[in-house]
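These notes concern the structure reproduced below.
The values are calculated or read from the model by the stated rules, or taken from the named source; none is laboratory data. Everything numeric here is computed off the predicted structure, so don't read it as measured data. Cβ sites come from the backbone with ideal geometry, for glycine too, and all protein chains shown count toward neighbours.
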Amino acid sequence: MFAVSAFGDGDLTIARLDPATGAVSATAALPGDLDADGLGPRALAVGGDSVWVVGATAVARVDPASLEVTGRFEVDAGPGGIRLATFAGGALFALVENGAALLRIDGEGTVTDRLVLSEEPVEWRLPASLAAGRGHVWVMVQAGSDPARHDVRIVRVDPATGAATGVFTVASELFAGAIAVS
């Protein structure tokens, strides 16, 4: 189990925790430039034999055993930067452009696919949720930019290709929710 935060004097730190006790078993410093917007890391994902620490416009790849940063790359995330991330099918997926697009990023930091979720610009699509499960990546965002409508769009994505394999519009009862898949 891993956690990341700005501890003490604000330096970014990753911690490995014992899942049985919650005790911190190791910590390591992270590159400070992951926190360019002052909001700290925005997401943490595990997969591909790495821990992925995701900032607004940069990602650090961390070895889970040593906590050593083994790679760092910039991501052109557009307005709002990266908001959420998950790992599936050998790639990191990042929700960007205020929830309007999903990026598929390979282990070297190359954006291999960009899936447009909405052509309508908005300041930030709330709610937003990103999950991996049942062989897919799942994205939930507000369906449109009309503040009076609260329909939710759920998009099922093939992690191997980054392509949408299903799009579902759900009534506004789920507007303040999140998505998880089991």
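Values for this structure:
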quantity	calculated
Meets criteria (at pLDDT below 90 and in the same structural domain as Arg104 (by TED's automatic domain parsing)) for Pro79	yes
Residues of the range 42-87 classified as of a type outside the set (Val, Ile, Thr) and under 11 Å from the mean Cα position of the chain (by Cα), total	12
Residues within the range 67-76 that are at pLDDT below 90 and outside any strand (DSSP E or B), tallied	2
Those residues of the range 67-104 which are among the small types (Gly, Ala, Ser) and touching a residue at least 24 places away in the same chain (Cβ under 8 Å), in sequence order	Gly71, Ala77, Gly80, Gly81, Ala85, Ala88, Gly89, Gly90, Ala91, Ala94, Gly99, Ala100
Residue count for the range 76-95, restricted to those that are of a type in the set (A, V, I, L, M, F, W, C) and in contact with a helix residue (DSSP H, G or I) (Cβ under 6 Å, 6 or more places away or on another chain)	0
